[in-house]
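Working notes for the structure below.
The values are calculated or read from the model by the stated rules, or taken from the named source; none is laboratory data. Owing to the predicted nature of the structure, the values given are computational and were not obtained by experimental measurement. Virtual Cβ from ideal backbone geometry, glycine too; neighbours counted across all protein chains shown.
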Amino acid sequence: MPPRKRHNEESSQLQKPKVLVVNDHAASLFALQTILLNSPQSHEYEVLTATSGTEALRQVLAHKFAVILLDVSMPGMDGFETAELIHSHPMSATVPIIFITAYYADEMNRMKGFSHGAADYLITPVIPEVLHAKVSVFIELERKNMLLEKQKGELAVLNKNLQVQQMEKLKRVNAALEAEIAERRQAEERAQALATRDSLTGLLNRRSLTEQLEHAAVRAARQQEHLALLFLDMDKFKSINDTYGHDAGDDLLVQMATRLRSAVREADIVARLGGDEFVILMEGLPSYAAAAQVAKKILAATAKPFNVQSQQVRTSVSVGIAMFPDDGQTVQDLMRSADLAMYHAKQERRGSIQFFHPELNARLIERRQLEHELEQALENEEFELYYQPKVDVRSGRVAGVEALLRWHHPRLGVLSGGQFMPAAVETGQVVPIGEWVIAQACAQARAWQDAGAHFPHLPIAVNIAIPQLYANLPEVIYRALRKYQIAPSWLQLEITESLVIRDVEKATSVLQEISESGITIAIDDFGTGYSSLSVLKSLPIDILKIDQSFVRDLGKGAGDNAIVAAVVNMARALALRVVAEGVETEEQLAILRDLGCDEHQGYLFSKPLPAAALGEHVMQAIRA
């Protein structure tokens, strides 16, 4: 029988390799299991599941696995603890583990995962083809190991029973075994390449970068030299990816990798951490100025348009620079410093260069403390709504109010929403805070309605953030209206123009349902999001609020007057009311009146006030 045919028959008789999927979230577990079972190679392996670290350990004791897909974030025993226990047992010490997490930007967790012996690290949502490719390598390794074990057993029997006259046959078996070993080595080399290289760009991955950085730091310390670590993040990548599709996004990443390699020395190391983040390691640099010079060269190389699917696409990179040993004497500290500098660059001005400086650490500590305190703010009843009137331009009558969130911070005093809402977005507090704002606005409307007929009908406008569009917003609103027995006409929603154009289809669907209930919808900060007329026509909106940046310079030049006039004329064509934000002078109000604006809002009439003070102010205006 030919060796290859016998090899196939032996493989078919072997027990199938097993894959273990560990995830406490039922939907995620089902999704990963489905991806594996839909693989073209799914007939070659079995898929077992576990919903906790404890259950995973029981499975590992009962079965031998080719690879384990392990969720990082699990209650009780998390993925890192589970991995450590799995690898501490002799039976499972060498089982490859691929960590899977939903936290895209958590770099420290990924480094922690590799320190616990991870073979790879995937971010959800997992791309099926990538998962299939990575799993198939370990399945092939396990299949060959199983085949080798079987053949080793057969060889032992042959060596015990065969006589000298069977030596030729034994040589043939040994030759086949050597071929299998050669194939196994090739498979191990392929697995090593997958473990050390980014599969899309061919650049080093995070694990390999960390190893290279450790060696480079030792050399730099011994030779008393500097080395620079540059963290790069592509600007507007998500927008490009959403507009042109993921294939175009992948093409752009590959082109970006090519330009980065061409912009640095051959000896410099270029790595991709994942997503649109790249890192460049440069040894032997004499100074900070030399690092800045390289960063400028990178900015110039990436500023030229990219040709993506026959489209000219422009992007830029924000660069953070940290130097060894000044900005960190360990790998972790240096990477953290460079990452902080890059984050600061994106905040200051996209497409810029920033060096690390100690103040960034203080900012990070303050930000983390603020995030921790924010988690307790609702429970401690530290939030309050202030209200700023919207006034009819012609009659001077108060036509409504905008609810503005304030945080009575026990340490920092009264904070406006702009000072803490970015932290709320990162910590996932936007939705519960938004629900509190809606309920509180409805409660205040009920209080004003109970004040009697002499108090005017003042619709209360609340601002909506993008996570709320995906959190059953209509039901949240209807529940608050029912609880306080408020008619929909008492409530308005204000949504920023930039928020709408991120996902027009989703926004239209949610807003249409809300609008049909009788709630008024306004587009806030109009003029800053660059939405098209067709987008505005498709949305169920009633009001356009002109951003204060256009109102601020009214009367100082013809340009801003013309912009406001154009917005008013467009609103008239769409049968929308126009509210001007940030009105502070009588001259601005007079111009808005001449241009046909409907309402104004700003310090000229009133700053934002607590509910009681606002009520007194409104009644004084009525009596006047």
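Scanning region 532-562 for residues that are out of contact with any helix residue (DSSP H, G or I) (no Cβ under 9 Å at 6 or more places or on another chain), at pLDDT 85 or above and farther than 12 Å from E581 by Cα turns up just one, A562.
For the structure I just gave you, tell me whether L614 is within 21 Å of Q492 (Cβ to Cβ), surrounded by 19 or more Cβ atoms within 10 Å (Cβ to Cβ), of a type in the set (A, V, I, L, M, F, W, C) and more than 38 Å from the chain's Cα centre (by Cα). Yes: the conditions hold for L614. Within region 463-512, track down each residue that is modelled with pLDDT of 90 or more and among the basic types (K, R). Listed by number, the residues that qualify are R479, R482, K483.
Yes or no: region 390-400 includes at least one residue that is in contact with a Phe, Trp or Tyr (Cβ under 6 Å, 6 or more places away or on another chain) and crowded, with 17+ Cβ neighbours inside 10 Å. The answer is yes, given that some residue of region 390-400 is in contact with a Phe, Trp or Tyr (Cβ under 6 Å, 6 or more places away or on another chain) and crowded, with 17+ Cβ neighbours inside 10 Å. All conditions in (1) surrounded by fewer than 21 Cβ atoms within 10 Å (Cβ to Cβ); (2) touching a residue at least 24 places away in the same chain (Cβ under 8 Å); (3) within 20 Å of S208 (Cβ to Cβ) hold for P325, with the sole exception of (3).
Does region 407-430 contain any residue that is within 21 Å of the chain's Cα centre (by Cα), in a loop (DSSP other than H, G, I, E, B) and more than 30 Å from P325 (Cα to Cα)? Taking every residue of region 407-430 in turn, at least one turns out to be within 21 Å of the chain's Cα centre (by Cα), in a loop (DSSP other than H, G, I, E, B) and more than 30 Å from P325 (Cα to Cα). Taking S538 as the residue in question, decide whether it is of a type in the set (S, T, N, Q) and in contact (Cβ under 8 Å) with a residue 60 or more places away in the chain. So S538 fails the test. S208: within 22 Å of the chain's Cα centre (by Cα) and small (G, A, S), yes or no? Taking the combined requirement at face value, the residue does not satisfy it.
With the structure loaded, tell me whether F526 is within 18 Å of K390 (Cα to Cα), surrounded by 21 or more Cβ atoms within 10 Å (Cβ to Cβ) and assigned by TED's automatic domain parsing to the domain that holds E494 or whether it fails that test. So F526 passes the test. Considering region 280-312 alone, what residues qualify as being closer than 12 Å to M256 by Cα and touching a Lys or Arg at 6+ places or on another chain (Cβ under 9 Å)? Answer for region 280-312, where residues must be closer than 12 Å to M256 by Cα and touching a Lys or Arg at 6+ places or on another chain (Cβ under 9 Å): I298, A301, T302, A303, K304, P305, F306. Among residues of region 37-94 being β-branched (V, I, T) and part of a strand (DSSP E or B), the one that is surrounded by the most Cβ atoms within 10 Å (Cβ to Cβ) is I68. When region 220-244 is filtered for residues that are more than 27 Å from the chain's Cα centre (by Cα), loosely packed, with under 13 Cβ neighbours inside 10 Å and part of a helix (DSSP H, G or I), the ones remaining, listed by number, are R222, Q223.
The number of residues in region 312-333 that are in a strand (DSSP E or B) and of a type in the set (D, E, K, R) comes to 0. Mind checking whether some residue in region 366-384 is out of contact with any Phe, Trp or Tyr (no Cβ under 9 Å at 6 or more places or on another chain), of a type in the set (G, A, S) and more than 19 Å from Y288 (Cβ to Cβ)? For region 366-384, residues out of contact with any Phe, Trp or Tyr (no Cβ under 9 Å at 6 or more places or on another chain), of a type in the set (G, A, S) and more than 19 Å from Y288 (Cβ to Cβ): absent.
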